[in-house]
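Heads up: the structure comes next, in structure tokens.
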Amino acid sequence: MNNLSAFSPDSPIKLLCLSNGHGEDIIAVRILQELQQLTAIDIAALPIVGEGRAYTQFSIPIIGKVQIMPSGGFIYMDGRQVLRDLQGGLLKLTLSQIKVVRSWAKQGGTILAVGDIVPLLFAWASGANYAFVGTAKSEYYRQDELGWHSRKSPLSRLENLSASVYHPFDRYLMRHPRCKAVFPRDTLTTKTLQKWVIPAFDLGNPMMDRLEAQNLLKLEPDPQRLTILLLPGSRPPEAYANWQQILVAVTELIATFPTRSLVFLAAIAPTLTLEPLCQSLVDSGFAQDNLTFKHKNASIILTQNAYNDCLHQADLAIAMAGTATEQFIGLGKPAIAFPGNGPQYTYAFAEAQSRHLGSSLTLVEHPKQVADAVRSLLQDPQKLEQIAKNGYQRMGQPGAAHRIAQCLVQQFNLE
């Protein structure tokens, strides 16, 4: 692992990227790669959560100590996880990382924080100039262009009384003189933050970058076929449990559409092992031919290397994932979700995600209700048209990483 001494103190431009999650790491890498195309710059990364494999995959050096915590970074979804992380060395890790960030600042480096308030707070505490890519919060969680979302609990209704989804302390950190740029994830959030003279730029969401089809997955043309994407998530063991629930929905769909060709594209993360997923399909009565499984009028294709093609070729998705669900919806397509047992895809997460994504995400209580939801969508072309517009609006157009990199060059004087 690299450390601070690997960077020359005479280097005119030094940028440290802080991020707190695998999805955030990927977004950060996209921006950093665009920056490297625009200017000569020394870049390093410090993943606050996890080991930062996205950085090492693209030869971006990691400084400081990294460690996987028991919660996997989802302590905000379950308070019980906090104790497990503390026992796992969270406090010692955090102090070590803050020390590294401050050392970076003393050498004249700048900081790009990607994620939520945690990397933003680290950036502020460093004493360096910083910018912030806010991936975790959106005004769409509370409202849309038509008004406020209805909320059930008194606590959630109280949240709607706040001036922004970003709380006063968040806004203080974004308004600080050393904060040179803030990149919210959508237009609605940007316009809200600009009311406080925060240097917020509406440049889109890097999550929608690099999703072009790769033609690795080839399906024969069939206008009568219904192609459905399966997204069980990326974190074991939760994703395996999600897969079992998704198969319940698949079985109901086969029974509901007995005369229609059904193709299910299972986009399986590289972090998962295929064997238990395959065994579940065989146990459910599917005949196996390599990674294709057939039963009655349906085929299920498992793939770990054709994610982009799955996004483009599917008509709709059964989704129990975070980033992948948002990317699919950003392509103008509908998804149907139901809660799992967590720690990520709980009812609270799914309900918040449905508020964030609006009409594009249909939330049902049980996988057996998915088939009825699919039939309802297929019978409503007007709603499908509205869903397409909604997805583009909430997730933005591709090219955000390049636009953000250009803005960073200007705001940090990196020419």
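The values are calculated or read from the model by the stated rules, or taken from the named source; none is laboratory data. Only a predicted model underlies this, so the values are computations on that prediction, with no experimental measurement involved. A quick note on method: Cβ atoms are made from the backbone with ideal geometry, for glycine too, and the neighbour counts reach across all protein chains shown. For the accessible areas, the whole protein counts, side chains as well, though only heavy atoms, and no ligand, DNA or RNA atoms are used. Shrake-Rupley method; radii C 1.70, N 1.55, O 1.52, S 1.80 Å.
Suppose the filter is part of a helix (DSSP H, G or I) and open to solvent by 10 Å² or more (accessible area, probe 1.4 Å); does K333 pass it?
Criteria not met by K333.
Residues of the range 258-270 being outside any strand (DSSP E or B) and either open to solvent by less than 80 Å² (accessible area, probe 1.4 Å) or touching a Leu at 6+ places or on another chain (Cβ under 8 Å) (or both), which ones?
R260, S261, I268, A269
If you take the residues in the range 162-194 that are without any contact (Cβ under 8 Å) to a residue 12 or more places away in the chain and not in a loop (DSSP other than H, G, I, E, B), which one is farthest from P119 (Cα to Cα)?
It comes out as K191.
Taking the stated definitions as given, is L217 under 28 Å from I387 (Cβ atoms), out of contact with any Pro (no Cβ under 7 Å at 6 or more places or on another chain) and either free of Cβ contacts under 8 Å to residues at least 40 places away in the same chain or assigned to a loop (DSSP other than H, G, I, E, B) (or both)?
Spelling it out, L217 is indeed under 28 Å from I387 (Cβ atoms), out of contact with any Pro (no Cβ under 7 Å at 6 or more places or on another chain) and either free of Cβ contacts under 8 Å to residues at least 40 places away in the same chain or assigned to a loop (DSSP other than H, G, I, E, B) (or both).
Within the range 362-415, which residues are in a loop (DSSP other than H, G, I, E, B), modelled with pLDDT under 95 and either open to solvent by less than 60 Å² (accessible area, probe 1.4 Å) or among the polar types (S, T, N, Q) (or both)?
The answer is G396, Q397, F412, N413, L414.
Within the range 282-302, take every residue that is in contact (Cβ under 8 Å) with a residue 24 or more places away in the chain and closer than 22 Å to T259 by Cβ and give me the one that is most open to solvent (accessible area, probe 1.4 Å).
K296
May I ask you to list the residues in the range 308-327 that are open to solvent by less than 10 Å² (accessible area, probe 1.4 Å), under 12 Å from Q353 (Cβ atoms) and outside any loop (DSSP other than H, G, I, E, B)?
A319, T325
Would you check if N341 is touching an Asp or Glu at 6+ places or on another chain (Cβ under 9 Å) and either surrounded by fewer than 16 Cβ atoms within 10 Å (Cβ to Cβ) or not in a helix (DSSP H, G or I) (or both)?
Yes: the conditions hold for N341.
Touching a Leu at 6+ places or on another chain (Cβ under 7 Å), open to solvent by 30 Å² or more (accessible area, probe 1.4 Å) and either in a loop (DSSP other than H, G, I, E, B) or under 30 Å from E145 (Cα atoms) (or both), is that true of N305?
Answer is yes for this residue.
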